[in-house]
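The structure under discussion appears below in the form of structure tokens.
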Amino acid sequence: MLLTFPFFPPRASTVAGQVDHLFLFLVAVSGFFACLIFVLIAWFAVKYRYRPGHQRAMSTRTNVGLEITWTVIPLLLTVVMCAWGARIFFADYRPPPNAMKISVVAKQWMWKFQHPEGPMEINELHVPQGQPVELTMISEDVIHDLFVPAFRVKKDVLPGRYTEVWFEATMTGAYHLFCAQYCGTQHSKMRGWVHVMEPTDYAQWLARGASEPPEVAGARLFQQLGCAACHLPQGTGQGPSLVGLFGKPVKLSTGEIVTADEDFLHQAIAAPGTKVVAGYRPIMPTFKGLVDEEGMQKLVAYIRSIGNKPGANSP
Amino acid sequence: MTNSQSMPAMPREHYLNAKYGVKSWLLTTDHKRIAILYLISITAMFFIGGFFATMIRLELLTPAGDLMTADTYNKMFSMHGIVMVFFFLIPSIPATLGNFLIPMMIGAKDLAFPRINLLSWYIYIVSAGLMIYVILNGGVDTGWTFYTPFSTTYSNSNVLLAGIAIFINGFSSILTGLNFIVTLHRMRAPGMTWNRLPLFCWSHYATSVIQVLGTPVIAITLALVAIERVWHIGIFDPKVGGDPVLFQHMFWFYSHPAVYIMILPSMAVMSEVITCFSRKRIFGYHFVALASIGIAVLGFLVWAHHMFVAGMSVYAALVFSLLSYFVAVPSAIKVFNWTATMYKGNVSWQTPMLYAIGFIGLFTVGGMTGLFLACLGIDPHVTDTYFVVAHFHFIMVGGAVMAYMAGIHFWWPKMTGRMYPDIWGKIAAGLVFVGFNLTFLPQFILGYVGMPRRYFHYSPEFQVLNVLSSAGASILAIGYLLPLVYLLWSLRYGPVAGDNPWAAQGLEWKTASPPPTFNFDETPVVTWEAYDYEQMPKEVPVVG
């Protein structure tokens, strides 16, 4: 019974092993000191318990050497813990450049996943094994949190701002996906499964569901919402050209220079008045309410897709 | 100390019988009577919060939601957290034991501002009454953390009233802190220098500084939540132009130091109880005193460790991680010094000492598991899971409540003049220790395996650990109900304790039990250091 009792969730990602090693190191160090304290207290409590005729308590004054010792040793150990933890955190902060990008929209109380090739999923996420996957996440309403214990990853999903998390699955199988940030009535039902598949199986799975890639849907939205009327490709319209824009620096009317990333585009669409490109008038209306977060991600996917095309005059 | 051999008698007149009638209690300015008023009020709130905990543990016996609806469950854990944190733990030791003992420990007649002291209790009662009104009128479902934009825009429960209750409650905390700071500066008896001050007072001084500096921030934060909720002014909800993470910074700027408002007074109790039952001077007096101040200062600089997964710069995360590790060091210093105090002492095993030893064990585990959460490599996996729930219950229940029980059992004869049956105290302490560990140790495993907190439904593989936890909670409940019975019994039937039943040091033991209204017949002059147990009998007398 005890041997099969799960103390660890499955180790199904590249970081899972690193996190568990560090965890065991902390268990060992803190376990040693906790036991040291327990043993000393139990020993003192029994050995020095009051008995008639027992020696009078020895008056021990402050022992500065001892005080310094038990200040410095914990201090050094905690610095080691901090540094080791930071190493993992820093190394895993940025996703590898070849990561597959999946868009995530969280809302009360479901997860929606948009694959770059087109398929959409709800509360289920299929990913290939051995391939870094980056999730770009945003919430439609309150704060949620994407948590996959088997991958040892967790990240808040905020409204109004993109957050990213990445993992590389190492083992095929189905793993729990939880919302870890309390989000209302059905918080505990806001969960699903991550299915890790062999790359060939994943390719087959992708091919089965025929659907359009997000940038194609984004291009259609771009027309439908009337964006194309102002954002002409040559930059001759009332708004700046969006061709070749993605990932480039943009100068704002305030003089500030920002990078045209997902967050910038999101804000430029939802609250255009706050980010006006230098040389243009603040005439764009807000599209908040007209386009939901999924539509927003499609628009961003479209703008990203025309980001690398040459021959554009950058604003 | 006076006549422990012959039968002690109750003093003819003391603070409890000096005046009679409801009015003499409700209009009292005696710090001891106000402490009793607080004791009764927070005990009531403790059992209300405990009722919610019972409902949570009952519901979690099975993976499905069968005892109540999801909304009800969400309200249960929200109100459990709010009642326990704001209406029990934060006032617990300072407002009862601190109120009762600080003037006596420094040889004063009362606190510096007796009327403000009474005012703080009335403020507490108004806020607690409002909170009970909220509970009876449908409750609140935001969690005790009130995260935005859920609390400002999406929740349909009584967020506004609950926020107002906590807002008002904060003023009672601020006034108590202010009163202690002024009292400790201005009211010490001749000879009671800072270097002779009992560590109980040092720790309460550190606590008071946090209360005065930190509490206004939670008041402002909740006021902003109310403004956004009522007038839709964009502060936290991005839909109206706000920033949801800003709320978390403001909330934790108070609520992390608030943990030290709960634990520093517990450490205060520890230093008194362990010295008395080891018959020894505290080991490293100055280090224990300065560690309290260190905790109070560093405690203000670690708040963002609650937000490592909320999206912040890696460098900010590194700074907050390192500072969080540093705040662990003064706590470690204290634990080592308490342990060293027992070395070569004459250790007695009465009830308060059992609770104190339990405290050291549980607080050590709670503190050690804090190291995991401060660690950037591990926190993303365990935050927002049952690992965190277990960690902070080890600190707040295993630490703060154990110490509160130790303190109540230690000073009960001073407060009431009567002794409870020691054997029942020992049984209760044992039940609390066993029940507590059975409740919360499984939750560490649950968390690392991946069960998120605040889950109404959960996956079937988590059931075994949840059943263990609920079983432990039922033992814990008995452990908390027992003292209520024998302590009340002792008021009438307990043997008369005498002035100093534990042969303890400290000015509070040099006056009658229960003390006279103005504590001392004449102002004492202090010529000795704190914990001068060489002058005392080497045995703790057995009463009752």
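Can you give the average number of partner chain beta-carbon atoms within 10 Å of each beta-carbon in peptide A:42-51, as a whole number? Kindly include the intermediate steps, with their values, before the conclusion.
Numbers: counts 2, 3, 10, 10, 2, 5, 9, 6, 11, 2.
Per residue, the number of nearby Cβ atoms from other chains is 6 on average.
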**Asked** Under Stokes-Einstein, with the Kirkwood radius over Cα pairs standing in for Rh, what whole-number D in µm²/s applies to the range A:214-305 at 20 °C and 1.002 mPa s?
**Response** 163
**Asked** Viscosity 0.890 mPa s, temperature 25 °C: Stokes-Einstein D of the range B:59-196 from its Kirkwood Cα radius, in µm² per second?
**Response** 144
**Asked** Which lysines, on any chain, are close to A:K112 with Cα under 24 Å apart, when same-chain ones fewer than 8 places away are left out?
**Response** A:K101, A:K154, A:K155, A:K189, A:K288, A:K298, B:K239
**Prompt:** For chain A, list the DSSP H helices whose alpha carbon atoms reach 20 Å or more along the long axis and whose average Kyte-Doolittle value is 0.0 or above?
**Reply:** A:14-47, A:64-91
**Request:** Using R₀ = 51 Å, calculate the FRET efficiency as 1/(1 + (r/R₀)^6) where r is the Cβ-Cβ separation of B:H249 and B:K23; round to 0.05.
**Result:** 0.65
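Convex hull volume of the Cα atoms in the range A:117-171, per residue, in Å³?
About 96 Å³ per residue, rounded to a whole number.
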**Request:** Mind giving me the nanometre distance, one decimal, between the label points for B:H185 and A:L24, set 7 Å out from Cα along Cα→Cβ?
**Result:** 5.5
**Request:** Kindly provide the Kirkwood hydrodynamic radius of the range A:118-228 in Å, to one decimal, from all pairs of distinct alpha carbon atoms.
**Result:** 15.6
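Taking the number of other C-beta atoms within 10 Å as the exposure measure, put A:H144, B:H232, A:H187 in order starting with the fewest. Walk me through the intermediate numbers first.
Details: A:H144 31, B:H232 13, A:H187 28.
Ranked by crowding around the Cβ, least crowded first: B:H232, A:H187, A:H144.
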**Prompt:** Looking at this model, which pairs from B:K23/B:K414; A:K47/B:K510; A:K107/B:K75 are more than 29 angstrom apart at the alpha-carbon?
**Reply:** A:K47/B:K510
**Asked** Mind checking the mean number of beta-carbon atoms from other chains within 10 Å of the Cβ atoms in B:460-473?
**Response** 1
**Message:** Viscosity 1.306 mPa s, temperature 10 °C: give me the Stokes-Einstein translational D for chain B in µm²/s, with Rh taken as the Kirkwood radius over C-alpha pairs.
**Reply:** 67
**Request:** Could you list the residues of the range A:267-286 with an amide nitrogen less than 20 Å from a label point located 7 Å from the Cα of A:A229 in the Cα-to-C-beta direction?
**Result:** A:268-273, A:277, A:280-286
**Asked** Can you list the HN-Hα couplings for the range B:11-28, worked out from phi with the Karplus curve (6.51, -1.76, 1.60; θ = phi - 60°), rounded to whole Hz and with x for Gly and Pro?
**Response** x, 5, 10, 9, 5, 7, 10, 4, 9, 10, x, 4, 4, 5, 8, 6, 10, 6
**Request:** Using label points projected 7 Å from each Cα along Cα→Cβ, tell me how many nm separate B:H286 and A:E124, to one decimal.
**Result:** 6.9
**Message:** P(r) for the range B:303-378, please, calculated from all Cα pair distances in 10 Å bins and given in %.
**Reply:** 16, 38, 23, 15, 7, 1
**Fill in**
So for R0 = 30 Å, FRET eff. of B:W231-B:V314 from the Cβ-Cβ r, to 0.05, ends up at 0.25
**Asked** Rg to Rh for chain A: what is it, with Cα atoms only and Rh by Kirkwood?
**Response** 1.16
**Prompt:** In Å, what is the Rg of the alpha-carbon atoms in the protein assembly as shown, and how long is Dmax?
**Reply:** 29.9, 104
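Among A:232-240, B:367-375, what's the highest-first ranking by average C-beta atoms within 10 angstrom per residue? Mind showing how you got there, number by number?
On the way: A:232-240: 14.9, B:367-375: 23.6.
Packing proxy ranking, top to bottom: B:367-375, A:232-240.
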**Request:** Write down the radius of gyration of the range B:178-238 and its Dmax, each obtained from C-alpha positions, in Å.
**Result:** 18.9, 59
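Bear in mind that the values in this text are calculations on the coordinates, not laboratory data. Keep in mind that this is a model prediction, so the values were computed, not measured. Cβ sites come from the backbone with ideal geometry, for glycine too, and all protein chains shown count toward neighbours.
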